[in-house]
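Take a look at the structure set out below.
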Amino acid sequence: MEKVYISRKKYESLLGELKNLKDTKAQLSQEIGEAAAQGDLKENAEYHAAKDKQAETLIRIQELENTLRNAEITDNLDVDRSEARIGATVTIKDLEADIEFTYTLVGSMESNPDKGLLSVKSPLASGVLGHKEGDEFEAQLPKGPHKYKLVKLEYK
């Protein structure tokens, strides 16, 4: 599995979710045992519901453990801070529409453009990566190439 780039805050959030799911797993095991003790399992809705929930919980636990095992905390990365890299907050000017917008470049797991978090795998972020403040660059958007300028670059 490839590295998963996430912030310290997201890493801590995933650890919390994992702990809660492990607690839920223990509770579900108890519920399954109690439901099984009631007898005929074919028509025992509580038993089947608990087994389904347990399966979903186990899948999510495995996903989280894999993510955390392969996590690279972006707050700790040693990057050239004169260039746009993961973790940077960039103000970009659309040279064709003459508008500016600001995003923090994050890993795909944290991407939420409406909240100003842009995945480094997105076309716009891919275009700005490696550029310095003042550079003009072209991003390959789905509708074709588009010209931008990196107006401001900062690491918070």
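The values are calculated or read from the model by the stated rules, or taken from the named source; none is laboratory data. Everything numeric here is computed off the predicted structure, so don't read it as measured data. Here Cβ is always computed from backbone atoms with ideal geometry, including for glycine, and neighbour counts include all displayed protein chains. Heavy atoms of the whole protein, side chains included, go into the accessibility calculation; ligands, DNA and RNA do not. Shrake-Rupley method; radii C 1.70, N 1.55, O 1.52, S 1.80 Å.
Assorted remarks:
- Single residue of Asn66, Asn70 found to be touching an Asp or Glu at 6+ places or on another chain (Cβ under 9 Å), surrounded by 11 or more Cβ atoms within 10 Å (Cβ to Cβ) and touching a residue at least 60 places away in the same chain (Cβ under 8 Å): Asn70
- Any hit, the range 137-145, residues being open to solvent by 60 Å² or more (accessible area, probe 1.4 Å) and within 25 Å of Gly16 (Cβ to Cβ): no
- In the set Lys25, Lys10, Lys53, only one residue is at pLDDT 90 or above, within 24 Å of Lys156 (Cα to Cα) and surrounded by 11 or more Cβ atoms within 10 Å (Cβ to Cβ); that residue is Lys10.
- Checking each residue in the range 114-136 for being in a helix (DSSP H, G or I) and open to solvent by less than 50 Å² (accessible area, probe 1.4 Å) picks out Leu124, Ala125, Gly127, Val128.
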